[in-house]
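The values are calculated or read from the model by the stated rules, or taken from the named source; none is laboratory data. This one's a predicted model, so the numbers in the text were calculated from it and none came from an experiment. Methodologically, a virtual Cβ is constructed for each residue, glycine included, from the backbone with ideal geometry; neighbour enumeration extends over all protein chains shown.
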Amino acid sequence: MRIAVLRPQVPFAWGGTEIFTDRLVSELRGRGHEADLVTVPFKWYPGTQVLTQSFLWRLLDLEEADGARVDLVVATKFPSYLARHPNKRVWLVHQFRQAYELDGTELGQFGDSAEERALRRKVQALDRIALGEATKLFATSRNVADRLERSTGLEAEVLPHPPQGLDYRCDAYGEFVLSVNRLDRAKRIDLLLEAAALDPSLEVVVAGEGPDRERLESLARERGLDGRARFAGRVSPEELAALYGQCLAVYYAPVDEDFGMVPFEAFLAEKPVLTTSDAGGPLEIVSDRRTGLVVAPEASELARAAGWLRAHRDEAASLGRAGKAIAAEVTWDRALERLLG
Amino acid sequence: MKVAYFSPLPPERTGVADYSALLVPALETKVDLTVVRRGSRRAPRGTDVALYHVGNNPDAHAWIVDALRRRPGVVVLHDFVLHHLVAGMTVGRRDGHGYLDAMEHEHGVVGRLLAHGVLDKRIAPLWESRPADFPLPWFVLEHATGVIVHSTTVRDGARAAGYEGPVSLVPHPAWPVPRVAPERVAEGLVVGCFGVVNASKRIPELLEAFAPLRQEHPDATLLLVGPTAPAFDLERRLQRLGLPESGLVREEWVDEVRLWRLLAGVDVCVNLRHPTMGETSGSVIRALSLGKPLVVSDVGWFSELPDAVALKVPVDEEESDVLAAALELLASREDVREAMGRSGAELARREHDLERVAERYAAALEEAAGGDAVNEAVLRDVSKAAADVGISPAGAEAGEIARRLAEVELGR
């Protein structure tokens with residue numbers, strides 16, 4: 001089949017969706033499909049740009065390319081699913097969260113004026129219309145599917161995607177807790193730094209880039225974490241596999257996260273995941289004392305949990321191994337069979 | 001966003017008052033709501049959008065329509081047929097010309113002539129004899145910046161009447177089911193009917209259908225809850241049908257707690273009507289929440305109920321026979337009653353959830369208050385981008401862009 005994978009592109013930004021969609025294209029090609037990635041730049045501010053930039057997707061003609069029919073398109077996140085196609089499948093990574101659960105929080109975008117309120121509703125209306133056109137609707141997690149059902153009444157099948165291909169291995173249960181994430185406020189990496197400030201024996205490595213880096217580095221300095229908190233920036237796949245292989249555990253506790261690949265990656269390296277009770281999607285696979293530790297979103301709780309893992313490395317290893325058994329179930333063969341079926 | 005809320009409220013005994021008592025606390029969590037005192041004709045200062053609950057009863061709603069005429073806003077159309085309201089606000093205020101104009105506006109010269117006939121007492125008042133033929137919704141719709149309806153029936157009616165503004169379909173919210181002990185009024189099967197006892201609730205047809213059911217199921221009981229309309233002679237009808245007193249239990253007005261207890265105690269809930277004014281039924285919503293199988297008339301909003309939750313009886317010459325067959329089916333098939341009840345409870349939970357309804361209200365209000373500005377901004381940006389690359393407003397490309405905008409409801 002000729003398959004177009006649709007992905008909005010925020011220039012100079014790189015994250016989980018980019019990794020996922022690149023891999024999706026590669027996996028489709030590996031199974032004999034003619035697959036390609038279609039991207040359109042996306043800027044969601046100021047004012048009504050969130051609508052006009054989204055509308056660009058609606059103007060695309062994706063039914064044909066170079067004189068040959070495109071059999072189906074796979075849209076991933078807002079606003080790529082505004083594209084028109086008779087066989088539009090949506091594998092939903094997330095909606096435009098500022099218009100939903102982030103509205104009214106410090107991570108929200110829309111103000112209290114009548115125009116801003118109406119703008120937010122227009123985004124919601126776009127979702128209802130465009131997602132309602134999908135011939136099949138999947139969500140990467142139960143959390144994403146539930147949000148979709150609550151906001152639009154549309155029901156999606158839960159279809160997690162496998163993590164990126166790395167040379168996953170477990171070399172040791174070392175001294176440091178690893179954070180792998182884009183550095184922005186919603187990822188709540190500051191909570192891990194605050195935990196390190198409470199426990200002088202806790203070491204952390206923060207992998208990833210993002211707009212919150214300066215603030216986080218400043219916080220680390222203020223808390224006197226020099227030497228115990230290392231900001232590794234964007235790391236290569238080899239470096240990331242090595243970090244996974246050597247860490248004690250992986251910290252992953254964004255606020256009400258969609259799902260995220262990181263817990264699966266941690267599990268493939270046989271590492272337990274340290275998360276919080278309000279993390280959303282990760283809680284679908286991270287169970288307290290079964291595949292990781294789930295604590296209240298407080299630095300003291302996090303510090304205590306990390307300390308427990310350091311003092312109980314055998315238990316940490318068995319939690320990680322239990323996670324690996326779950327991650328092994330999520331394969332591209334199974335995912336693509338459902339996506340294309 | 002500041003919203004002025006115009007509605008009847010308890011202790012007024014109307015369905016809309018009960019509705020608002022349920023909705024207001026939920027809506028208050030989503031918008032800055034001011035409930036306007038009865039009789040006020042102005043929204044408070046600083047109001048961004050006013051919300052007007054309008055039904056067919058002039059005693060309950062005339063003051064609200066007066067306020068609407070002063071300041072356009074979002075109208076919740078609880079009834080589509082508003083002839084009685086219009087008559088109350090015109091003829092009832094000695095404004096015959098107003099009535100003539102309203103009839104002419106919607107029904108042309110024929111309407112005006114008929115209105116003359118009514119005013120001259122040459123023909124029976126149309127609001128009593130033929131209201132559904134002359135619904136007069138434009139009397140209200142012409143002042144609406146947006147409309148909220150509970151059914152596709154009313155939405156289609158508003159569109160057919162020429163209303164072109166935004167129309168939001170928002171289901172009637174369901175009340176939280178109180179923890180009450182069911183009150184069984186008899187040992188055998190209990191068929192309950194809640195509401196005013198009169199001809200438009202099809203009580204004569206229900207009595208006719210219940211008589212043969214009672215022959216097949218001597219322990220079956222009909223429970224009628226609600227005041228009897230003045231012109232309706234229930235006693236005489238019972239005697240004529242030979243229904244024994246033991247087969248009927250009457251309750252006049254009951255308070256909310258008792259209503260829930262009685263509803264919880266029935267096996268089947270019947271809610272019929274003809275003609276319909278386009279209204280929904282609070283009793284039906286309560287019955288759904290309680291998981292009771294329903295028998296309804298196949299008209300208006302009632303027709304839109306899923307078949308899995310309600311048996312629908314057409315209003316025609318075979319109405320009583322079909323109704324009797326529906327009652328017989330439910331009386332003899334407990335499994336059908338249970339399956340319908342489960343489907344009803346699920347429908348109430350899914351479609352009529354109060355939080356979800358309040359969210360839809362907030363969406364409609366926010367779109368009404370700021371939607372035009374957003375639409376204009378989108379059109380301005382898209383038009384400018386098109387013009388910058390030489391696309392003429394009259395060209396085919398511009399038409400294509402307009403079609404794509406319309407598909408996703410942008411720019412309007």
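Given the condition over 24 Å from residue A:184 (Cα atoms), touching a strand residue (DSSP E or B) at 6+ places or on another chain (Cβ under 7 Å) and within 14 Å of chain B (Cβ to nearest Cβ), answer yes or no: does some residue in the stretch A:36-52 qualify?
No: the stretch A:36-52 contains no residue that is over 24 Å from residue A:184 (Cα atoms), touching a strand residue (DSSP E or B) at 6+ places or on another chain (Cβ under 7 Å) and within 14 Å of chain B (Cβ to nearest Cβ).
Would you tally the residues in the stretch A:246-261 being outside any loop (DSSP other than H, G, I, E, B), among the hydrophobic types (A, V, I, L, M, F, W, C) and surrounded by fewer than 24 Cβ atoms within 10 Å (Cβ to Cβ)?
0
Would you check which residues across the stretch B:75-122 are over 19 Å from residue B:58 (Cα atoms) and either within 23 Å of the chain's Cα centre (by Cα) or crowded, with 22+ Cβ neighbours inside 10 Å (or both) and list them? Show your work before the answer.
As a first pass, look at the stretch B:75-122 and keep what is over 19 Å from residue B:58 (Cα atoms): B:104-114, B:116-117, B:120-122.
Once the filter is applied, which keeps residues that are over 19 Å from residue B:58 (Cα atoms) and either within 23 Å of the chain's Cα centre (by Cα) or crowded, with 22+ Cβ neighbours inside 10 Å (or both), the stretch B:75-122 yields only B:106.
Please count how many residues of the stretch A:28-70 are over 22 Å from the mean Cα position of the chain (by Cα) and in a loop (DSSP other than H, G, I, E, B).
So the count comes out to 13.
Select, from B:213, B:206, the only residue that is in the same structural domain as residue B:323 (by TED's automatic domain parsing), more than 23 Å from the chain's Cα centre (by Cα) and closer than 20 Å to residue B:314 by Cα.
B:213
Conditions tested, residue by residue: (1) of a type in the set (Val, Ile, Thr); (2) closer than 20 Å to residue B:172 by Cα.
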{"residue": "B:2", "(1), (2)": "no, no"}
{"residue": "B:9", "(1), (2)": "no, yes"}
{"residue": "B:16", "(1), (2)": "yes, yes"}
{"residue": "B:22", "(1), (2)": "no, yes"}
{"residue": "B:25", "(1), (2)": "no, yes"}
{"residue": "B:33", "(1), (2)": "no, yes"}
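Just to be sure I understand, how many residues within the stretch A:216-239 are over 15 Å from residue A:180 (Cα atoms) and touching a residue at least 24 places away in the same chain (Cβ under 8 Å)?
6
If a residue counts only when it is facing chain A (nearest Cβ under 10 Å) and touching a residue at least 24 places away in the same chain (Cβ under 8 Å), which helices (runs of 4 or more DSSP H) contained entirely in the stretch B:333-407 have at least 2 such residues? Step through it out loud before you land on a result.
Working: elements: B:334-351, B:354-388, B:396-407.
Here the list reads B:354-388.
Does residue B:136 satisfy being out of contact with any strand residue (DSSP E or B) (no Cβ under 6 Å at 6 or more places or on another chain), on the phi > 0 side of the Ramachandran plot and either surrounded by fewer than 18 Cβ atoms within 10 Å (Cβ to Cβ) or without any contact (Cβ under 8 Å) to a residue 60 or more places away in the chain (or both)? Walk me through how you get there before you give the answer.
Numbers: out of contact with any strand residue (DSSP E or B) (no Cβ under 6 Å at 6 or more places or on another chain): yes; on the phi > 0 side of the Ramachandran plot: yes; either surrounded by fewer than 18 Cβ atoms within 10 Å (Cβ to Cβ) or without any contact (Cβ under 8 Å) to a residue 60 or more places away in the chain (or both): yes.
Considered against the rule, which asks whether it is out of contact with any strand residue (DSSP E or B) (no Cβ under 6 Å at 6 or more places or on another chain), on the phi > 0 side of the Ramachandran plot and either surrounded by fewer than 18 Cβ atoms within 10 Å (Cβ to Cβ) or without any contact (Cβ under 8 Å) to a residue 60 or more places away in the chain (or both), residue B:136 comes out as yes.
Say we look at the stretch A:101-137 and pick out the residues that are of a type in the set (A, V, I, L, M, F, W, C) and outside any helix (DSSP H, G or I); which of these is farthest from the other protein chains (Cβ to nearest Cβ)?
In this case the residue turns out to be A:107.
Considering only the stretch B:152-199, state which residues are in the same structural domain as residue B:283 (by TED's automatic domain parsing), without any contact (Cβ under 8 Å) to a residue 40 or more places away in the chain and aromatic (Phe, Trp, Tyr).
Across the stretch B:152-199, there are no qualifying residues.
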